[in-house]
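Here the structure comes first, spelled out in structure tokens, and everything after it is commentary.
Derivation of every value follows stated rules applied to the coordinates shown; laboratory data play no part. Here the structure is a predicted model, which means the values were calculated and not measured. Virtual Cβ from ideal backbone geometry, glycine too; neighbours counted across all protein chains shown.
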2 protein chains.
Amino acid sequence: MNALFDVAGLGNAIVDVIAKSDDAFLAKHGLAKGAMTLISAEQSDRLYDDMGPAIEISGGSAANTMVGVASLGGRAAYMGRVFADQLGQVFRHDIRAAGVHFDTAAAASGPPTARCLIFVTPDAQRTMQTYLGACVEFGPEDIDAATIEAAQISYLEGYLWDPPRAKEAFRAAMRIARAKGRRVALTLSDAFCVDRHRAEFLELVGSSLDIVFANEAEILSLWQVSNFDEAVRACQTHPGRIWAITRSEKGSVVIGNGLATHVPAERVERIVDTTGAGDLYASGFLHGLSRAQPLVECARLGHICAAEVIGHYGPRPEANLKSLVESRLR
Amino acid sequence: MNALFDVAGLGNAIVDVIAKSDDAFLAKHGLAKGAMTLISAEQSDRLYDDMGPAIEISGGSAANTMVGVASLGGRAAYMGRVFADQLGQVFRHDIRAAGVHFDTAAAASGPPTARCLIFVTPDAQRTMQTYLGACVEFGPEDIDAATIEAAQISYLEGYLWDPPRAKEAFRAAMRIARAKGRRVALTLSDAFCVDRHRAEFLELVGSSLDIVFANEAEILSLWQVSNFDEAVRACQTHPGRIWAITRSEKGSVVIGNGLATHVPAERVERIVDTTGAGDLYASGFLHGLSRAQPLVECARLGHICAAEVIGHYGPRPEANLKSLVESRLR
């Protein structure tokens, strides 16, 4: 059966609130630099009160990845829950306007649309504080089976383990995909997220996944090792999986059939804001996989997409990635 | 009496929704390129549906100008009406976080916070479609007399002539300022806005204003002449006013005591989005005036601020303007 979608993503549907910041601000509020931390509505309000002037841009890790796939010319779908409020309208508008199929109904009661306060320091590092809001309303009833069945790859956020019922949605999507012989990809999302859900992530790695995305901190956390080579060897003990492990300016390591290869990063002129780097790497990689490209080419596509998104504020591409890739690979 | 504020601004409180666009899109929707057009809620929704992925940034012409004054180290206040919704919270947060005194109560009933859909074409020109929303609730009861009395200069948007009762607020503020011997500045805002309200603007010029800001199209429209030199001569017939007339890359012409001087623009490396150029020119000019600088220096400050804001998306400065000015004038 032909796939109607190249990739279907599931994730927490979030609007990003992005402001320039400095290390003193992070220290004052005790924020863990570079990490994603979950906060309550009250904490979010208090932090926002002290935050500098901000811009609002639709975000959400898997949503960003799907926007990247669409910008590459791929057919992408997304599932995630917003509330029926202005930020929810913004999220819905932006992902659809980017060409991603998105039909999850907005919550009509409960908390407002999720927001992620992002503090970008002069070193371009981003520190994320997320109020999950309406994401806690996302559950298995929101899984559109036909879309999952029609997608070559289903792409799932590790972050979905945080809101109470989203992991059921995740497991439902995984079952549907596997029953149709489709591939399932997981991103480990964040090192602290791995800490919170390590046992379940390891169980998924052992049983149901085809592709795993991680950065260096996340893969070290998953295997609870302190050395990158050790982590790679641990991944190699699961030769049935594809592993794509990003290492910032050092590029990425891809592992398939137990073989590990290093792929260098793209040269970047100016790094402004690293928000979305991992998400857009996944866009390029998944797009390559859906086009049956060799893993090294998938990684290269990932690096080109990541390089675009870190050159400006915000987690979604400003350039048309299809044209960008064509110009880079010419 | 010492002034507690350097400048108090009055204007339509608006959140900008900014997307890249092209001339074909403007043509398809019959949008007047470079202009500000008022649209209904329904037109706004329709246009938004067809708009590309966007970013949300607080805007509003006089609000942008006040943020610029604050960024220059000046003491700025602002009055304008939002609704008690998420976009209203965004507006309030951003202007306060920028250091501007802002206390106007949010409307609790009536239409939502105003938004301006801004289409930025590859030539960096911006085309604005504004739904005034809660701005129509702004009236003389929102004027904080103590703030106007405490401000050296009150700065008023021509755009305030569009919502029904804002011009009453405008006139009330003007009366309060003049009774205290304070100065009153008006920006003509937009050539079509001048078309809509020419008779009243001319009456203000003849009776109550100290400082008038305009761009070339606006000043031609005010005097209904087709030639820039003619427009300058018409301004010179009002020697009691200060005129600051911007001409894009040609710089600006300042007129005081009937004497006109050309001031060249700042060199700009890359023009991304001209939204806010006039607003930030006014920031620099007003800041200079409040520091009793010569008019040519006021214009130069205006050009430095305008050059910053057109180098990135959005109508508010990303850099600290005080530091920027110090580095430029060193």
The range B:1-128, relative contact order [Cα under 8 Å, separation at least 6], % = 41
Going fewest to most other Cβ atoms within 10 Å around each Cβ, A:TRP243, B:TRP223 line up as B:TRP223, A:TRP243
Averaging sequence separations of C-alpha pairs under 8 Å and six or more residues apart, then dividing by the length of chain B, give the relative contact order as a whole percent.
-> 19
What 222 nm value per residue comes from the helices of chain B, counting each DSSP H run with n ≥ 4 as -39,500 (n - 2.57) and dividing by all residues, nearest 500 deg cm²/dmol?
-> -12000 deg cm²/dmol
Quick one: go through the range A:138-170 and flag any residue whose amide nitrogen is under 20 Å from the point 7 Å out along the Cα-to-Cβ line of A:ALA199.
-> A:158-170
Could you give me the ³J(HN,Hα) list for the range A:192-200, computed from phi with Karplus coefficients 6.51, -1.76, 1.60 and θ = phi - 60°, whole Hz, x at Gly and Pro?
-> 5, 4, 4, 4, 5, 10, 4, 4, 5
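Rounded, prolate or oblate: which fits the range B:114-215 when a ≥ b ≥ c are the square roots of the eigenvalues of the alpha-carbon gyration tensor, with rounded for a/c under 1.5 and prolate only if a/b beats b/c? Please list the in-between numbers first.
Details: a/c = 1.97, a/b = 1.57, b/c = 1.25.
Here the range B:114-215 falls in the prolate category.
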What net charge do the residues around A:GLY181 carry, taking every other residue with its C-beta under 15 Å from that of A:GLY181, with Lys and Arg at +1 and Asp and Glu at -1?
-> +3
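So for A:VAL205, A:VAL90, B:VAL69, fewest C-beta neighbours within 10 Å to most, what's the order? Display every interim value, and only then the final one.
Details: A:VAL205 20, A:VAL90 24, B:VAL69 34.
Fewest-to-most Cβ neighbours within 10 Å comes out as A:VAL205, A:VAL90, B:VAL69.
Pull out a ≥ b ≥ c, the square roots of the eigenvalues of the alpha-carbon gyration tensor of the range B:5-329, then state rounded if a/c is under 1.5, prolate if not and a/b is larger than b/c, and oblate in the remaining case. Walk me through the numbers before you get to the answer.
Numbers: a/c = 1.32, a/b = 1.15, b/c = 1.15.
Rounded.
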Quick one: net charge around A:ASN227, please, counting Lys, Arg +1 and Asp, Glu -1 for every other residue with C-beta under 13 Å from its C-beta.
-> -2
What residues qualify as long-range amide H neighbours of B:ASN12, i.e. H under 5 Å apart, gap of 5 or more or another chain, H built at 1.01 Å from N?
-> B:SER61, B:ALA62
Can you list the residues, at least 5 places off or on another chain, whose amide H is less than 5 Å from the amide H of A:ILE242, using H built in the peptide plane?
-> A:ILE211, A:VAL212
Shortest-first nm distances, B:GLN236 label point to equivalent points in other copies (7 Å, Cα→Cβ) | 8.4
Under the Karplus curve 6.51 cos²θ - 1.76 cosθ + 1.60, θ = phi - 60°, whole-Hz ³J(HN,Hα) for the range A:56-73, x wherever Gly or Pro sits = 10, 9, 4, x, x, 4, 5, 5, 4, 5, 5, 4, x, 4, 5, 5, 7, x
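In what sequence do A:ARG171, A:ARG267 fall when counting other Cβ within 10 Å, fewest first?
Values: A:ARG171 17, A:ARG267 8.
Fewest to most other Cβ atoms nearby, the residues stand as A:ARG267, A:ARG171.
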Share antiparallel - DSSP beta bridges, the range A:5-329, percent rounded to 5 | 35
Please build a GNM for chain A, connecting alpha carbons under 10 Å apart, and tell me which residue among A:VAL225, A:VAL296, A:VAL254 fluctuates the most.
-> A:VAL225
In whole Hz, the Karplus estimates of ³J(HN,Hα) for the range A:95-109 (6.51, -1.76, 1.60; θ = phi - 60°; x where Gly or Pro) are 6, 5, 4, 7, x, 9, 5, 8, 10, 4, 5, 6, 5, 9, 9
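List the pairs from A:LYS33/A:LYS250; A:LYS20/B:LYS20; A:LYS167/A:LYS250; A:LYS20/B:LYS250; A:LYS28/B:LYS20 whose alpha-carbon separation is above 27 Å, in the order I gave them. Please report the intermediate quantities before stating the final value.
On the way: A:LYS33/A:LYS250 20 Å; A:LYS20/B:LYS20 23 Å; A:LYS167/A:LYS250 32 Å; A:LYS20/B:LYS250 32 Å; A:LYS28/B:LYS20 37 Å.
In this structure, A:LYS167/A:LYS250; A:LYS20/B:LYS250; A:LYS28/B:LYS20 exceed 27 Å between Cα atoms.
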Of A:LEU132, A:LEU202, A:LEU156, which is the most mobile in a GNM of chain A whose springs link Cα atoms less than 10 angstrom apart?
-> A:LEU202
Mind listing the label-point distances from A:ASP123 to the same position on all other copies, shortest first, one decimal in nm, points 7 Å along Cα→Cβ?
-> 4.4
Return the long-range amide H neighbours of A:ALA114 (sequence gap of 5 or more, or a different chain), with a cut-off of under 5 Å between placed amide H atoms.
-> A:VAL15, A:PHE83, A:ALA134, A:CYS135
